[in-house]
Amino acid sequence: MIEVRDLTKDYGPHRAIHALNFTVKKGDVVGFLGPNGAGKSTTMKIITGFMAPTSGTARIAGFDVFESPLEVKKRIGYLPETPPVYTDMYVRDYLRYVARLKGMEKNRIEKSIDRAVEKTSLGDVQKRLIGHLSKGFRQRVGIAQAIVSDPDVLVLDEPTVGLDPKQMHEIRELIRELRGQHTIILSTHILPEVQATCERAIIINKGRIVAEDSIANLATLEKGRSRLFVRLRREVGDLGAVLSDIDGVMGVESGSSNREWRVNLRGNEDTVDAVSSRLVSQGYGLLEFSPSKVDLEDVFLKLTYGQSRGGEA
Amino acid sequence: MRGTLVIAGKELRGFFASPTFYVMLFLITLIMSYIYPIQLTLFNQMLMSYVMQPGMPQQQLNIHYGLFLRLLSYLNLMLIFIVPALTMKLIAEEKKMRTFDLLLTSPVKSVDIVLGKYLAALGAILGIMGVAFLYPLVTASFATVNWAPLVISFIGIFLVAGVYAAMDLFCSSLTESALVAYVMSVMMNVSIWFIGLSAEVVDSQKARQVFEHLSLNTHLAGLVEGTVRTSGLVFLLSLVILFIFLAERVVESSRWRA
């Protein structure tokens, strides 16, 4: 459905994206993940035909974005970072305008407005001025605007930015509901959003794709690694020395005091068993002993900032 | 074409459904209703005194010259300031509110966007002209009015307003600020009346002809007297097309400029 080949964009001397290559199949929900300024919005703008790339191509449903922009734009629903709403229009009139602008047939317009309003739960406010709506509702009007023309491809640029947690949850639910009917690309710098809504993630940093895989595979990118959180009753000067001879212990970091430690392991349950029995046999007073998997966030941070989560619990 | 009509329809509804436009119309009628009776009385006095001043130019005794053309010149003066107010937001505001993104990612061409907005501005101007036409219409109930030259002179002013609208739309496309667009537009509207002034001071015959042709006065003069000259129509229409084209280029450029 979406095919991006060697896409490059320069802003003057600054190269925003370097030769991006990726494909999105029909019906997929793909998260486009990266820190601020990684080139997410730039990529989205090019895919939607809003902006021309410096080199490379992007094809939507077989149409090149630059050779047949009108065909591409008919098939795309786009929610930019700021929802493109007219504050002096009524919600329903606005959606009707967008549907007509997208070139929908007259007899389908009212039906598709009803559908978009229902999906985004805008029923109660559809006769109000957009200018009088809260930020969360405006964002929903923005999403309604993107889906009103029933496009094949939905491009959502940071759909939950600036919303409160409840609204965020609602928007994510909505995106989950839309799964299957549209091919969706979702850009965000918020990790749980991708975990909650997407099947596949493309992680981008400084204009390059650093990882592209299913969420499940990304989370277990560093297979067999795990981490133990240990809280002791007695202070220990150097836990690393105590555990160093156990096979599979990679390293030890101290927490907020000498009573709390994080132990990085490679190996199986035997290693965990060995660590716990060592701590008990030494008589440190084991209060807490919790294993945690290296999660997606670590992978994300490692890939984008070149560091793993160390400082915070 | 479809896009043009959709955008024109939306903007027209924006004008005619907004209180601002009616406040503007109200203020225009306020000024005209003050001026028109004064002009009417002056015209009346002139006719009375004609008996005592036989040497007076006959032309001034015609109601078309003595009354309606004065009304039209006041209307023109007001349009210089009102047309920018109508057009200033058309593109600048879209850029500022980021709704321009919607237009640029919709299946419409840049020329559809500009033409749609231009047609809407013409529609609003037509509304203002309609209000102004009420004055001669009422006058017709107690005086003999020659309709053909009257309508042609209104069309002349409408064409000039069309030139303002095209220039002002171009100004609106240049900036994100409606205020900057307004000031730029007023300057442009005023300055096209000054270009012709050079014709008075240049020595070369050729240069004088060029400046005379560029002068809006030359072309409007014929129309307001009720004579349609194709050179005038071509000049006004080519100004409109030039500025529509420039505005289209600016809109199109936002697709490739970073």
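Every number here is computed from the coordinates shown, using simple stated rules; none is lab data. Since the structure is predicted, the reported quantities are computational estimates derived from the model, not experimental observations. Reconstructed Cβ throughout: ideal geometry from the backbone, glycine too, with neighbour counts over all protein chains shown.
So if I take the alpha carbon set of the protein assembly as shown, get Rg, then get Rh from the Kirkwood formula, what is the Rg over Rh ratio?
Taking Rh as the inverse mean 1/r over Cα pairs, Rg/Rh reads 1.19.
Please sort by residue number the trypsin sites (Lys or Arg not before Pro) in segment B:39-131 whose DSSP state is loop and whose Cβ has at most 15 other Cβ atoms within 10 Å.
The qualifying sites are B:ARG98.
List the GluC sites (Glu not before Pro) within segment A:1-99 that DSSP assigns to loop and that have no more than 10 neighbouring Cβ atoms inside 10 Å.
Here the sparse-neighbourhood loop sites are A:GLU67.
Using alpha carbons only, how many angstrom separate the centre of segment A:8-29 from the centre of segment A:99-149?
With segment A:8-29 and segment A:99-149 each reduced to a Cα centre, they are spaced 29 Å.
Which value, in debye to the nearest 20, describes the size of the charge dipole of the protein assembly as shown about its Cα centre when Lys and Arg Cβ atoms bear +1, Asp and Glu Cβ atoms bear -1, and nothing else is charged?
Details: 61 positive and 55 negative charges, 155 e Å.
About 740 debye.
Rg to Rh ratio, chain A, alpha-carbon atoms and Kirkwood radius?
Rg/Rh for chain A comes to 1.11.
Compute the Rg/Rh shape ratio of segment B:113-201: radius of gyration over Kirkwood radius, all on alpha-carbon atoms.
1.09
Can you pick out the pairs among A:LYS9/A:LYS166; A:LYS166/B:LYS89; A:LYS45/A:LYS111; A:LYS166/B:LYS10; A:LYS127/B:LYS96; A:LYS73/A:LYS119 whose Cα atoms lie more than 31 Å from each other? Walk me through the intermediate numbers first.
On the way: A:LYS9/A:LYS166 36 Å; A:LYS166/B:LYS89 36 Å; A:LYS45/A:LYS111 29 Å; A:LYS166/B:LYS10 34 Å; A:LYS127/B:LYS96 25 Å; A:LYS73/A:LYS119 22 Å.
Pairs exceeding 31 Å: A:LYS9/A:LYS166; A:LYS166/B:LYS89; A:LYS166/B:LYS10.
Considering only C-alpha atoms, what is the centroid distance from segment B:142-169 to segment B:226-258, in Å?
Between the Cα centre of segment B:142-169 and that of segment B:226-258, the gap is 19 Å.
Compute the angle between helix A:91-101 and the longest alpha-carbon principal axis of chain A, please, reported from 0 to 90 degrees and rounded to the nearest 10.
Orientation of helix A:91-101: about 70 degrees from the principal axis.
Which residue fluctuates most in the GNM of chain A (Cα springs below 10 Å): A:SER187, A:SER277, A:SER55?
With Cα springs under 10 Å in chain A, the top fluctuation among A:SER187, A:SER277, A:SER55 is at A:SER277.
Would you work out which of B:PHE133, B:VAL240, B:ALA221 lies farthest towards the positive end of the dipole of segment B:130-258? Charges go on Cβ: Lys and Arg +1, Asp and Glu -1.
B:VAL240
By counting other Cβ atoms within 10 Å of each Cβ, how are B:SER185, B:SER198, B:SER215 ranked from fewest to most?
B:SER198, B:SER215, B:SER185
Compare B:MET52, B:MET129, B:MET24 in a GNM of chain B, Cα atoms joined below 10 Å, and give the one with the largest fluctuation.
Top of the fluctuation ranking is B:MET52.
What fraction of the DSSP beta bridges in the protein assembly as shown is antiparallel, stated in percent and rounded to the nearest 5?
Among the beta bridges of the protein assembly as shown, antiparallel pairing accounts for roughly 70 percent.
Taking the Cα atoms only, what angle lies between the long axis of helix B:110-139 and the longest principal axis of chain B, rounded to 10 degrees?
Approximately 20 degrees, to the nearest ten.
Over chain B, with a Gaussian network built from C-alpha contacts below 10 Å, which listed residue (B:GLU200, B:GLU248, B:GLU212) shows the highest mean-square fluctuation?
Result: B:GLU200 has the largest fluctuation of those listed.
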